[in-house]
Amino acid sequence: MKTIDAAGLHYKAFNEQVRAAVRAGEKNIHLVNVNGQRFIADAMPGDDVKITINGVPGNDLAVFMDGPTVIVNNNAEDGVGNTMNSGKVIIHGDAGDVIGYGMRGGTIHILGNVGYRIGLHMKEFETQIPVIIVGGQAHDFYGEYMAGGVQILLGLNSKKGANIAGHFTGTGMHGGVIYLRGGFEQHTLAKEAAIAPMEDADYKLIRKHLKNYCKDFNLDLEQIMERDFTKLAPPSARPYGGYYAY
Amino acid sequence: MHYRFEKDMSACGLTGFISRNRNRVDGEAIMSSICNMDERSNGQGGGFAAYGIYPEHKDDYAFHMLYTDADAKEATEKYLDRHFLIIEDDELPTRKTAGIVDPPLIWRYFLNVDEEVLHMNACDEEDYVVNAVMFINAEIPGAFVMSSGKNMGAFKAVGFPGAVGRFYKLDEYKAWTWIAHGRFPTNTPGWWGGAHPFTLLDWSIVHNGEISSYGINKRYLEMFGYKATLMTDTEVTAYLFDMLLRRHKLSIEVATMAIAAPFWSQIDHLPEEERKALTALRQVYGSGLLNGPFAFILGHKDGMVGINDRIKLRPLVAAEKGDILYIANEEAAIREIASPDRVWMPTAGEPVIANLKPEKDIVKEAPSCIKV
């Protein structure tokens with residue numbers, strides 16, 4: 001295990017140290033005194049690399065990341081997993097806005113609450129299917145312009161039936177699937193997203209992903225599954241086709 | 001004082017904190033906090049506002065002035081002498097600092113208004129001061145008012161905010177509210193007068209974003225005597241708050257609903273009474289609606305406010321530790337100077353408000369032990 005101290009370091013110098021450690025074959029790296037350093041693990045390859053972060057990492061954590069597992073023991077800021085390709089990010093606190101923006105593969109697990117535009121334009125291709133699971137609540141524009149992938153919002157600390165996803169949920173959604181554990185008010189749903197029936201395959205999929213999630217945070221899967229889920233999916237893959245097609 | 005007409009990609013960084021118990025600290029903490037977000041600015045503007053810095057002059061209007069040349073200074077001093085009682089004037093203390101080039105003449109005046117003059121002009125004292133600020137900025141070539149409030153001041157320049165703070169010797173001032181900004185100009189030049197904060201009387205505002213309704217807001221404010229002369233969109237928000245909060249006496253909550261009004265589609269689903277109130281507010285203040293992305297910190301004589309645009313197009317985080325409220329773009333900027341008890345992300349369009357305790361309510365606690 002290698003420990004790298006971020007105290008007082010600009011992100012360029014700091015990330016160069018992290019990168020050098022990975023190049024030298026280090027598989028288990030602890031980053032301490034992190035406070036606002038951006039682009040940690042950006043475009044980093046290595047399925048067997050594990051990076052643990054103590055402190056608040058800066059914007060665009062794991063941007064373009066391609067393999068490693070990143071564990072954050074505190075809150076994270078905006079843009080976690082921006083255009084991430086594969087690997088896993090586990091956040092034990094809250095996270096900011098535009099988490100998983102344009103994400104094309106891999107997994108993001110967040111225990112706490114998140115901000116606005118979570119999963120903005122995330123996408124999938126064949127077996128590359130990104131997954132974002134959030135334990136708390138999300139703000140407005142959850143799943144905006146979503147083109148693929150899976151999002152699960154748990155509302156673990158919310159009362160049964162409480163609105164857990166803000167306004168304008170699924171605006172411009174044209175692919176992928178959202179599962180909300182708990183209620184929401186119909187008028188908060190954008191017209192491009194629609195409630196779809198929950199089928200056996202959906203429960204199977206949720207169980208598969210939540211099993212993994214519960215392991216990361218030491219949670220009880222059966223207790224989480226006690227509450228109903230609502231499935232949101234786009235009724236059209238081209239919601240704006242009529243605007244631009246001749 | 002040079003102008004650079006460039007267009008860059010946008011960002012801007014802002015941070016601020018307030019001690020509700022009016023405990024004053026020097027400028028080191030606010031400089032550390034804003035420097036944590038240097039990545040958000042590009043050296044084309046940095047600035048600070050500080051409250052509680054002039055206790056020995058707390059009843060005087062403190063004018064911080066920028067002059068391009070001696071002529072501007074002479075003309076302004078003639079004007080000030082004719083319309084105000086000049087209690088004291090001196091050069092605003094600065095030190096030579098790497099990264100701050102070509103500074104203008106920077107002067108400070110403590111001013112009072114002669115009551116007889118007010119009476120003769122049938123004018124409210126604060127309106128009188130506002131008129132003076134508008135006149136100087138619009139009519140005296142090369143003279144710009146950096147700030148004009150009581151017991152507060154703005155300090156701004158072209159440069160990274162850390163260098164700006166060193167240049168103005170902020171380590172030698174003590175304030176209970178500190179607000180800071182690092183600029184990344186988007187559509188307007190990076191120049192000394194265009195750095196944030198924008199101020200009027202004791203209002204000061206720092207902004208991350210872009211006011212795309214600037215033209216409408218500017219023309220609207222002109223009808224009420226405000227002149228936008230500083231070539232930066234944020235300027236209109238300082239005047240808008242002065243109008244809504246001071247002249248129209250709206251509460252901060254109501255003023256925020258006017259400038260960051262909910263969408264009609266959201267208003268439609270509100271209970272009857274709220275729906276009616278918001279409909280009226282949007283009708284009356286339609287031209288005061290701020291369009292485009294923003295995160296603001298607004299400072300004033302009684303407190304500090306953080307506000308986001310209604311669809312959260314810029315980051316804003318709040319935190320609390322004891323009597324201190326912190327607001328910044330990024331949590332790390334707060335953690336750079338504090339270990340907060342609570343950190344949260346304010347909801348879009350909902351103001352985070354902290355008010356100073358009235359001076360008479362502050363009990364000075366005797367220290368229970370001496371820390372070594």
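No value in this document is a laboratory result; all are computed from the given coordinates. Quantities reported herein were computed from a predicted structural model and do not represent experimental measurements. Positions of Cβ are generated from backbone atoms using ideal geometry, with glycine treated the same way; all protein chains shown enter the neighbour counts.
From the phi angles alone, apply the Karplus equation (6.51, -1.76, 1.60; θ = phi - 60°) to segment A:133-148 and give each ³J(HN,Hα) in whole Hz, x where the residue is Gly or Pro.
10, 10, x, x, 10, 10, 8, 4, 6, 5, x, 5, 6, 5, 10, x
What value, in deg cm²/dmol to 500, does the helix sum -39500 (n - 2.57) over DSSP H runs of n ≥ 4 give at 222 nm once divided by the residues of chain B? It would help to have the intermediate numbers written out before the result.
Numbers: 11 runs with 97 residues, N = 372.
About -7500 deg cm²/dmol.
Could you check the spin-label model distance between B:Asp69 and A:Ser86? Points 7 Å from the Cα along Cα→Cβ, value in nm.
6.7
Under a straight-distance cross-link criterion of Cα-Cα below 19 Å, which lysines are reachable from A:Lys27, leaving out those fewer than 8 residues away in the same chain?
A:Lys2, A:Lys50, A:Lys88
Using a 10 angstrom cutoff on alpha carbons, build the Gaussian network for chain B and name the most mobile of B:Phe184, B:Phe135, B:Phe48.
B:Phe135
Against the longest principal axis of chain A, how steep is helix A:11-23, in degrees 0 to 90 to the nearest 10, with axes from Cα atoms?
Approximately 80 degrees, to the nearest ten.
Ignore the peptide's own chain and count Cβ atoms of other chains within 10 Å of each Cβ in A:161-173; give me the average, rounded. The partial results should precede the final answer.
Values: counts 0, 0, 0, 0, 0, 3, 7, 4, 0, 0, 0, 0, 0.
For this peptide, the per-residue mean of nearby foreign Cβ atoms is 1.
State the antiparallel share, in %, of DSSP beta bridges confined to the protein assembly as shown, rounding to the nearest 5. Don't jump to the answer; show the numbers that get you there.
On the way: 77 of 115 bridges.
Beta bridges within the protein assembly as shown, antiparallel portion: roughly 65 percent.
Identify which of B:Ile337, B:Ile205, B:Ile18 has the largest mean-square fluctuation in a Gaussian network model of chain B, with springs joining Cα atoms closer than 10 Å.
The residue that fluctuates most here is B:Ile337.
Label points 7 Å out from Cα along the Cβ direction at A:Gln128 and B:Ala98: separation in nm?
4.4
Counting other Cβ atoms within 10 Å, keep those with at most 10, restrict to DSSP loop, and tell me which trypsin sites (Lys or Arg not before Pro) in segment B:271-372 are left. Intermediate results must be reported in sequence, preceding the final value.
Working: sites: B:Arg275, B:Lys276, B:Arg282, B:Lys301, B:Arg310, B:Lys312, B:Lys321, B:Arg335, B:Arg342, B:Lys360, B:Lys364, B:Lys371; in loops: B:Lys301, B:Arg310, B:Lys312, B:Lys364, B:Lys371.
Hits after loop and neighbour filter: B:Lys364, B:Lys371.
Roughly how many nanometres apart are two label points built 7 Å out from the Cα toward the Cβ at B:Met223 and B:Lys276?
Going from the B:Met223 label point to the B:Lys276 one covers 2.5 nm.
Under 20 Å from a label point 7 Å along Cα→Cβ of B:Asn187: give me every residue in segment B:238-262 with its amide N that close.
Within reach of a label on B:Asn187: B:238-241, B:259-261.
Less than 18 Å apart at the alpha-carbon level, and either on another chain or at least 8 residues along: which lysines does that give for B:Lys357?
Leaving aside lysines fewer than 8 places away in the same chain, those within reach of B:Lys357 are B:Lys58, B:Lys150, B:Lys174, B:Lys301, B:Lys321.
Any lysines with Cα under 23 Å of the A:Lys231 Cα? List them, leaving off those in the same chain fewer than 8 positions away.
List returned: A:Lys123, A:Lys159, A:Lys160, A:Lys191, A:Lys204, A:Lys208, A:Lys211.
Over segment A:6-50, calculate the relative contact order: mean separation of alpha carbon pairs under 8 Å at least 6 apart, over the residue count, as a percent. List each step's numbers first, then the result.
On the way: 35 pairs, mean separation 23.8, N = 45.
Relative contact order here is 53 percent.
Just tell me how shielded B:341-350 is by partners: mean number of partner chain Cβ atoms within 10 Å of each residue's Cβ, no decimals. Can you show the working numbers first?
Values: counts 0, 0, 5, 2, 11, 0, 5, 7, 0, 0.
Partner Cβ neighbours, averaged per residue: 3.
Using a/c under 1.5 as the rounded threshold, could you call segment A:46-125 rounded, prolate or oblate? The axes a ≥ b ≥ c are square roots of the C-alpha gyration tensor eigenvalues, and prolate needs a/b larger than b/c, oblate otherwise. Walk me through the intermediate numbers first.
Details: a/c = 1.90, a/b = 1.05, b/c = 1.80.
Oblate shape, in that a/c is at least 1.5 and b/c is the bigger or equal ratio.
Output the Cα-based Rg and Dmax of segment B:240-353 in Å, rounding Rg to one decimal and Dmax to a whole number.
Rg, Dmax (Cα atoms, Å): 15.2, 45.
Treating the angle as unsigned and between 0 and 90°, give the value, to the nearest 10°, between the Cα long axis of helix A:200-217 and the longest Cα principal axis of chain A.
30
Through the Karplus equation 6.51 cos²θ - 1.76 cosθ + 1.60, θ set to phi - 60°, convert the phi angles of segment B:114-119 into ³J(HN,Hα) values in whole Hz; use x for Gly and Pro.
Once rounded to whole Hz, the list reads 6, 4, 5, 4, 4, 4.
Taking only Cα atoms and a 10 Å spring cutoff, compute GNM fluctuations for chain B and point out the largest among B:Tyr128, B:Tyr61, B:Tyr109.
Looking only at B:Tyr128, B:Tyr61, B:Tyr109, the biggest GNM fluctuation is shown by B:Tyr128.
From the phi angles alone, apply the Karplus equation (6.51, -1.76, 1.60; θ = phi - 60°) to segment A:29-38 and give each ³J(HN,Hα) in whole Hz, x where the residue is Gly or Pro.
Whole-Hz 3J(HN,Hα) from phi for segment A:29-38: 10, 9, 9, 10, 6, 6, 8, x, 5, 8.
In percent, how large is the relative contact order of segment A:91-204, given Cα pairs closer than 8 Å and 6 or more residues apart? The partial results should precede the final answer.
On the way: 330 pairs, mean separation 22.6, N = 114.
After rounding, I find 20 percent.
Quick check: from the Cα gyration tensor, does chain B come out rounded (a/c under 1.5), prolate or oblate? Before the final figure, lay out each step's value.
On the way: a/c = 1.28, a/b = 1.10, b/c = 1.17.
Cα axes put chain B in the rounded bin.
Pairs of Cα atoms under 8 Å, at least six residues apart: use those to get the relative contact order of chain B, whole percent.
Working: 864 pairs, mean separation 92.1, N = 372.
Averaging sequence separation for qualifying contacts and normalising by length gives 25 percent for chain B.
Given axes a ≥ b ≥ c from the Cα gyration tensor, I'd like to know whether chain A is rounded (a/c under 1.5), prolate (a/b larger than b/c) or oblate. Intermediate values should be presented prior to the final figure.
Working: a/c = 1.98, a/b = 1.62, b/c = 1.22.
Verdict is prolate for chain A.
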